[in-house]
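Shown next, in structure tokens, is the structure this report addresses.
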Amino acid sequence: MKSIPDKNILLFKSCLVSTEYPGIESSTKYIFDKVGVEYVIDHDQSCCTGLGHYSDVFNQTSTTLIATRNFHLAKKNNAKNITVMCATCYAINKKSVKLLNNNDQFREKINAVFEDSSMEEMKYEKESFNPSDNIFHVVEVLFNKKDEINKYVNMDFSNFRIATHHACHYCKVHYEDTIGGFRNPRILDELVESLGFNTIDWYNTKRNTCGAGFRQRFVNKPISMKVTGDKLLELNKENVDILIHMCPNCQMQFDRYQPYLSKELGVDFNVFHLNITQLIALAIGGDPYKTVGIQTHTVSIEPLIRRILDIEV
């Protein structure tokens, strides 16, 4: 398995995390602080452009320009490793590094923009970052620390049926770096299991996308909702209580639209949606509101918390 760092990390801020589920970021920091992962945050860092890029608003040149600026900020902070909380940030940043390292003409085009803007310090030096050795998803850092995280577990989720949803931009873009497999992805399952809880593991729609497709939820809403609904129906058949996510876009698709789909399909969907960092933070003692941010969810997490407390009593 590739080497995963626990220091010299720029924790890459995500627009969807910040605006939709800020508890993902506070949960990540809570866990990192517990297990000694050293990281910095630079508030000058900008969005990766993923939502715009995959909706054909930002072309590859604009996206890579912004990525290069963010790489400069990482270097400025002596953070040679970039760890992201969003699978789209993961895919975007890794692709940008690959292009900058492997396409001399494209890299020169990017650097020329910085020269023309009198921002020469932001020019990218070939191979100053490696896509496999310096760009990580937070789940990979957590996976590397799973044995240490286990020591802090004090909340029991073992009586719940838990399923996992692995983001397509983690499992289906950069195959060579995917931990836990991509045909039957298991990195989230293994993280849950390391806490002492079980997952249902495989289910028929496990590898299906969330249905968001970025612009698809807006321009092709019936198709988008059909994909999301199919997965929720399968989760219902499996009597799943909690679906674990690793991408805020996926979480938003299921959490925000679950009540809508319940009404449209005439089915009671009672699935709670948590990012893996939120689950871990809860399991090791994080405050549900101040750390985990359950108040930002559409599908209320409060009944889940009450059930856990009842079980523990």
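Every number here is computed from the coordinates shown, using simple stated rules; none is lab data. Fair warning: this is a prediction, and the values are worked out from it, not measured in the lab. Neighbour counts are summed over all protein chains in view; Cβ atoms, including those assigned to glycine, are modelled from backbone coordinates with ideal geometry.
Points 7 angstrom from Cα along the Cβ direction at Val219 and Glu120: gap in nanometres?
Roughly 4.2 nm, to one decimal.
As a check on your grasp of the helix formula, calculate [θ] at 222 nm for the chain: sum -39500 (n - 2.57) over DSSP H runs of n ≥ 4, divide by the residue count, round to the nearest 500. Please list the in-between numbers first.
On the way: 15 runs with 152 residues, N = 313.
Rounded to the nearest 500, it is -14500 deg cm²/dmol.
Which loop-located trypsin sites (Lys or Arg not before Pro) does the range 160-241 contain, where loop means any DSSP state but H, G, I, E or B and the Cβ has at most 12 other Cβ atoms within 10 Å? Kindly include the intermediate steps, with their values, before the conclusion.
Details: sites: Arg161, Lys172, Arg183, Arg186, Lys206, Arg207, Arg215, Arg217, Lys226, Lys231, Lys237; in loops: Arg161, Lys172, Arg183, Arg186, Lys206, Arg207, Arg215.
For trypsin sites (Lys or Arg not before Pro) across the range 160-241 that sit outside H, G, I, E and B with at most 12 neighbouring Cβ atoms in 10 Å, the list reads Arg183.
Using the crude model of +1 on Lys and Arg Cβ and -1 on Asp and Glu Cβ, and no other charge, please compute the dipole size for the chain relative to its Cα centre, in debye to 20.
Approximately 560 debye in magnitude.
Run the reach check for Lys2 against lysines, Cα to Cα strictly under 20 Å, same-chain hits fewer than 8 apart removed. What comes back?
By straight Cα distance, Lys2 reaches Lys80, Lys94, Lys95, Lys98, Lys145, Lys146, Lys172.
Using only alpha carbon pairs under 8 Å that are at least six residues apart, calculate the relative contact order of the chain and give it in whole percent. The partial results should precede the final answer.
Values: 493 pairs, mean separation 68.0, N = 313.
Dividing the mean separation by the residue count of the chain yields 22 percent.
Where a Cα-Cα gap under 21 Å defines reach, which lysines qualify for Lys237, not counting those fewer than 8 residues away within the same chain?
Lys206, Lys226, Lys263
Cross-link partners among lysines for Lys290, C-alpha distance below 17 Å, same-chain residues fewer than 8 apart left out?
Here the lysines satisfying the reach criterion relative to Lys290 are Lys29, Lys34.
Could you go through the range 121-136 in sequence order and give the Karplus-derived ³J(HN,Hα) for each residue, using 6.51 cos²θ - 1.76 cosθ + 1.60 with θ = phi - 60°, rounded to whole Hz, and x for Gly and Pro?
Going residue by residue, I get 5, 8, 4, 8, 8, 3, 6, 6, 10, 10, x, 8, 9, 10, 10, 9 Hz, with x marking Gly and Pro.
For the range 152-312, max minus min Cα coordinate along each principal axis, in Å, sorted largest first?
That works out to 44, 40, 29 Å along the principal axes.
Return a whole-number percent for the relative contact order of the range 173-277, with Cα pairs under 8 Å and 6 or more residues apart as the contact set. Walk me through the intermediate numbers first.
On the way: 102 pairs, mean separation 23.7, N = 105.
It rounds to 23 percent for the range 173-277.
Could you give the radius of gyration (one decimal) and Dmax (whole number) of the Cα atoms in the range 9-137, in Å?
14.5, 45
Under unit Cβ charges (Lys, Arg +1; Asp, Glu -1), what dipole magnitude, rounded to 20 debye, does the range 115-215 have relative to its Cα centre? Provide the component values of the computation, followed by the final result.
Working: 12 positive and 17 negative charges, 164 e Å.
Roughly 780 debye, rounded to the nearest 20.
Could you calculate, for the chain, the ratio of the Cα radius of gyration to the Kirkwood radius, expressed as Rg to Rh? Provide the component values of the computation, followed by the final result.
Details: Rg = 19.5 Å, Rh = 20.0 Å.
Ratio of gyration radius to Kirkwood radius: 0.97.
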